[in-house]
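One structure is given below, encoded as structure tokens.
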Amino acid sequence: MPHNAQLIKHKPNYKLIYNKSAMYCTNFKIMEKLKTAQELIKANPNVMSGFNQFIHGSGEPKRGDYGDKSQWYAEQQGYDYAKKMAKENGIAFTHIFKCGKSESCFPFMYGGFMVCNACGNKSVDKDWWKIKVEKDGNAFCCHGLDFKDLQSSNNYAFGDTFEEAISNYESVMLALS
Ligand SMILES: [Zn+2]
């Protein structure tokens, strides 16, 4: 991610920009890999497991699902820590996005697959669900893991907050798909 203040200034309506010409530059994309707890932190196995649930977008640990509440607590700590690192350190993670433009589209993990009741489809998750959100001055930039730069890539969006950048990115990516 280039931290080029000039570029941002030239694009005052930055919220939903994407470069159509860049759509043709897709041949040599290099997809960065997600890093897991094993590469990023040292903690007990339950904390590591919770951390990886955030990284892989498999949802927040639900207290009611755990017989052993201390296991849930440790996983929750790991999950929250990964989220904090995603916000503050720009680590790559998976976010569950809509798979289509339908308002009722809401994919979730079921039986090891990401499914969507609105589309009725299985394995609806996409490569572009793997993202990084990086701070750029006062703005946040959300981009896919094969993002190269603002000129040659189209898979990015800015926002005033972490959440807004992710939501603007979703609009951009759904418009492109
Ligand atoms: Zn859907």
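Please treat every number below as a calculation from the coordinates, not as lab data. Because the structure is predicted, anything quoted here is derived from the model rather than measured. Ideal geometry is used to build each Cβ from the backbone, glycine not excepted, and the neighbour counts take in all protein chains shown.
Once amide H atoms are placed 1.01 Å from N in the peptide plane, what residues at a sequence separation of 5 or more from ASP136, or on another chain, have their amide H within under 5 Å of its amide H?
CYS141
Using a/c under 1.5 as the rounded threshold, could you call the range 35-91 rounded, prolate or oblate? The axes a ≥ b ≥ c are square roots of the C-alpha gyration tensor eigenvalues, and prolate needs a/b larger than b/c, oblate otherwise. Walk me through the numbers on the way to the answer.
On the way: a/c = 2.20, a/b = 1.66, b/c = 1.33.
Prolate, because a/c is 1.5 or more and a/b exceeds b/c.
Per-residue HN-Hα couplings for the range 119-126, Karplus 6.51 cos²θ - 1.76 cosθ + 1.60 at θ = phi - 60°, whole Hz, x for Gly and Pro?
Running phi through 6.51 cos²θ - 1.76 cosθ + 1.60 with θ = phi - 60° gives 8, x, 9, 10, 6, 7, 5, 10 Hz.
With 26 Å as the limit, write out which pairs from LYS33/LYS126; LYS42/LYS122; LYS69/LYS130 have Cα-Cα distances beyond it, or answer none. Numbers along the way, then the final one.
Working: LYS33/LYS126 14 Å; LYS42/LYS122 34 Å; LYS69/LYS130 30 Å.
Those over the limit are LYS42/LYS122; LYS69/LYS130.
For the range 55-66, just list the computed ³J(HN,Hα) in residue order, Karplus coefficients 6.51, -1.76 and 1.60, θ = phi - 60°, integers in Hz, with x standing in for Gly and Pro.
Calculated HN-Hα couplings, in order: 4, 8, x, 8, x, 6, x, 9, 3, x, 7, 10 Hz.
Using θ = phi - 60° and the Karplus relation 6.51 cos²θ - 1.76 cosθ + 1.60, list the HN-Hα couplings for the range 103-108 in order, rounded to whole Hz, with x at every Gly or Pro.
4, 8, 5, 8, x, 8
Given R₀ = 41 Å, FRET efficiency for ASP149-TYR66 by Cβ-Cβ distance, to 0.05? Don't skip to the answer; put the middle values down first.
Details: r = 43 Å, r/R0 = 1.06.
Approximately 0.40, to the nearest 0.05.
Determine, for LEU150, LEU145, the number of other Cβ atoms within 10 Å of each Cβ, and report the residues in order from fewest to most.
Details: LEU150 23, LEU145 20.
Listed from fewest to most nearby Cβ atoms, that is LEU145, LEU150.
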